[in-house]
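Here the structure is laid out as C-alpha cells; the discussion comes afterwards.
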Amino acid sequence: MRNANGRQAPALVLFDIDGTLLRRAGPHHREALVEAVRRVAGIEASLDHIPVQGMLDRDILATMLRESGISDRMIRKWMPLLVRRAQWIYARRCPEDLSEKVCPGVAPFLESIRAAGALAGLVSGNLTQIGWKKMERARLKRYFRFGSFAESGPTRGHLVKLAIREARAKGWIARETPVALIGDHPNDICAARQNGIVAVAVATGIATREELAAHRPDFLLDDLREATLPGLLR
Ligand SMILES: [Mg+2]
C-alpha cells in the first residue's frame with residue numbers, strides 16, 4: 001500500500017503509546033494483567049512495586065509470576081493463555097472514551113504527518129489488542145497503519161526493528177526513508193539508537209526532562225505541541 005498519491009511515504013514516524021500518546025489512561029490495563037494472573041495461575045500478584053513504565057507487557061506478567069515463585073517453565077507454558085486472557089479482560093473494562101487522556105499536541109501532529117503523506121506506526125510494550133483498543137477509544141486509531149507490540153519480540157529494540165522491516169517489505173517506505181521513534185522513556189531512546197533511527201523524547205510520561213536528557217535523544221520536547229515533521233527529520 002502506497003500513500004494517497006501512489007508514492008512511498010517520505011518518512012516513517014513510530015510512536016510509543018503510554019506516556020507519549022496517552023497519559024493516565026486509568027488502572028484498567030494494570031487490572032487486566034493482575035486479573036489474568038489470578039484467573040490463569042490462581043495467584044494474587046501485585047504490580048504496584050514493579051516499574052512497569054518502559055516494560056513490555058509479557059515481561060510484566062512474567063515478573064509477577066516469578067516473584068510468586070513460579071518456575072520459568074510454567075511461565076512459558078502459561079504465557080499464551082495469560083496474553084489472551086489479559087487482552088480479553090482489557091477489552092471489556094477499557095473506558096468508552098479515552099480522548100481526554102490524549103497528550104497535548106498529539107492530534108495536530110498526527111494530522112500533519114498524514115497531510116505530508118508520511119507514515120505513522122505504533123511500537124508499544126502493550127499487548128496487541130490492548131494497544132489498538134486504547135487507540136480506538138482515544139479516537140486516534142485512524143492515524144496508524146500498523147503496529148509492533150509486546151508479543152512480537154523480546155525487547156523494545158526488537159519491536160522497532162520489526163516495524164521498520166514490515167514498512168520496507170510492504171513497500172510503504174524505501175531503504176533510505178528517514179525513520180523516527182517518539183517515546184517518553186529512556187528505553188524508547190535506547191531502542192531508537194539500536195536501530196540507527198532518530199530518537200525523539202517527550203517529557204509527558206513518568207521520566208523527567210533531566211532523566212531523558214541523560215540518555216541524549218536527538219530531540220527532547222516538553223510535549224508534541226513542539227513537534228513538526230520537518231523539524232524532527234532534519
Ligand atoms: Mg511509554
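The values are calculated or read from the model by the stated rules, or taken from the named source; none is laboratory data. If you're wondering where the values come from, they're calculated on a predicted model, not measured in any experiment. Neighbour counts run over all protein chains shown; Cβ positions are idealised from the backbone, glycine included.
Does K170 satisfy being more than 20 Å from A199 (Cβ to Cβ) and more than 16 Å from the ligand (Cβ to nearest atom)?
Working: more than 20 Å from A199 (Cβ to Cβ): yes; more than 16 Å from the ligand (Cβ to nearest atom): yes.
Against the criterion (more than 20 Å from A199 (Cβ to Cβ) and more than 16 Å from the ligand (Cβ to nearest atom)), K170 qualifies.
Which of (1) away from the ligand (no atom under 16 Å from the Cβ); (2) under 20 Å from the mean Cα position of the chain (by Cα); (3) not β-branched (V, I, T) is the odd one out, the single condition L65 does not satisfy?
Result: L65 passes all but (2).
If I filter the range 72-86 for residues that are modelled with pLDDT of 95 or more and either within 16 Å of the ligand (Cβ to nearest atom) or of a type in the set (D, E) (or both), do I get at least one hit?
Yes, the conditions are met somewhere in the range 72-86.
Taking into account only those residues within the range 6-29 that are small (G, A, S) and surrounded by fewer than 19 Cβ atoms within 10 Å (Cβ to Cβ), which is nearest to the chain's Cα centre (by Cα)? Even if it seems obvious, please write down each step before you answer.
Step one: of the range 6-29, the residues small (G, A, S) are 6, 9, 11, 19, 25-26.
So of that shortlist, the ones also surrounded by fewer than 19 Cβ atoms within 10 Å (Cβ to Cβ) come out as 6, 26.
Working: G6: 28, G26: 16 Å.
Out of the qualifying residues, it is G26.
Before we move on, is D18 within 16 Å of the ligand (Cβ to nearest atom) and among the acidic types (D, E)? Please lay out each step first, then the result.
Values: within 16 Å of the ligand (Cβ to nearest atom): yes; among the acidic types (D, E): yes.
Yes, satisfied.
Can you tell me which residue in the range 194-226 is farthest from T20 (Cα to Cα), limited to those that are within 16 Å of the chain's Cα centre (by Cα) and without any contact (Cβ under 8 Å) to a residue 24 or more places away in the chain?
A199
Do you know which residues across the range 34-58 are within 16 Å of the ligand (Cβ to nearest atom) and without any contact (Cβ under 8 Å) to a residue 24 or more places away in the chain?
Listed by number, the residues that qualify are L47, I50, P51, V52.
Please enumerate the residues belonging to the range 101-131 that are of a type in the set (S, T, Y) and either at pLDDT below 95 or crowded, with 20+ Cβ neighbours inside 10 Å (or both). I'd like the intermediate steps shown before the answer.
Initial filter on the range 101-131 (of a type in the set (S, T, Y)): 112, 124, 128.
S124 - this is the single residue of the range 101-131 that is of a type in the set (S, T, Y) and either at pLDDT below 95 or crowded, with 20+ Cβ neighbours inside 10 Å (or both).
For the range 163-234, give me every one of the helices (runs of 4 or more DSSP H) that falls completely inside it and has 1 or more residues that are β-branched (V, I, T) and surrounded by 15 or more Cβ atoms within 10 Å (Cβ to Cβ). Explain how you work it out, then say what you get.
On the way: elements: 186-194, 209-214, 229-233.
Those helices (runs of 4 or more DSSP H) span 186-194.
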